[in-house]
Amino acid sequence: MTTFDKREEAFERQFVRDEELKFKAGARRNRLLGLWVAERLGITGAQAEAYASQLVAAEIDGGEAGVIAKVMADLERKGVTSSADEISAKMEELMQLAMAQVKAGV
């Protein structure tokens, strides 16, 4: 195996690790977002955890846009006003926290 082959394999392994980290952090972010939204909706305990799980699934179905749409619709149904920009900003904030938690193994 040449040095180039070893280097290529190392880059491929790093790419896989980075993608796995992004996936885990995205799921963690959606869970944290779900708990934040649940608090705004007055949901606590097991119901809040269930709602957070729904947001994790929402990204699988519709990506980040699906998560934002679900959150906005749920908040609107309860009469809580929130903009897509506010939700996006919260998602960005929570992504930083989620990345740190996943990297730390928390």
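The values are calculated or read from the model by the stated rules, or taken from the named source; none is laboratory data. These numbers come from a predicted model, not from an experiment. Quick reminder, even Gly has a Cβ in these numbers, built from the backbone with ideal geometry, and neighbours come from all protein chains shown.
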Hits in the stretch 36-95 - residues which are of a type outside the set (A, V, I, L, M, F, W, C), part of a helix (DSSP H, G or I) and touching a residue at least 40 places away in the same chain (Cβ under 8 Å): 40, 90
Looking at 63, 26, 42, which is the one that is loosely packed, with under 15 Cβ neighbours inside 10 Å, closer than 17 Å to residue 92 by Cα and not charged (D, E, K, R)? 63
Only one of 98, 84, 46, 57 is modelled with pLDDT under 90 and of a type in the set (A, V, I, L, M, F, W, C). Can you tell me which? 57
Flagged in the stretch 96-106 as assigned to a helix (DSSP H, G or I) and free of Cβ contacts under 8 Å to residues at least 60 places away in the same chain, in numbering order, are 96, 100, 104
